[in-house]
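Accompanying notes for the structure given below.
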Amino acid sequence: MLVASFSLISCEKEQHAENLKVESYADFEIIGGTPYILPIGTAWTDPGVKALVDGEDVSSEVIVEDEVDETTIGSYVVKYKYVNKDGFSNSTT
């Protein structure tokens, strides 16, 4: 007859739900839709994005990353990124 017994213990302090924090991230709405078609030779003007965090407009805090070359035919990605007050980010393209 074989009998096995074990127990699990932890040296770390127990964390309770009241100490947990819910992070808020941006909800994005791309203005102009995707894909955005730009005739070659036409100046690129980013139509922008609307970003809301818990109902508050944070669009002015959005970081835009793009390498659009309006003189070259191709497909380009425009990335919109928001970093919340705790340093966490989310993005959309």
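The values are calculated or read from the model by the stated rules, or taken from the named source; none is laboratory data. From a predicted model like this one, the values you see are computed outputs, not experimental measurements. Please note that ligands, DNA and RNA were not included when accessible areas were found on the heavy atoms of the full protein model with its side chains. Shrake-Rupley method; radii C 1.70, N 1.55, O 1.52, S 1.80 Å.
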**Report entry** Gain upon complete extension [Leu38, Lys79; 0.36 nm per residue less C-alpha separation]
**Finding:** 13.1 nm
Query raised in the report: Ignoring ligands and nucleic acids, what accessible area does Ser91 show with a 1.4 Å probe (Å², nearest 10)?
Result: 60
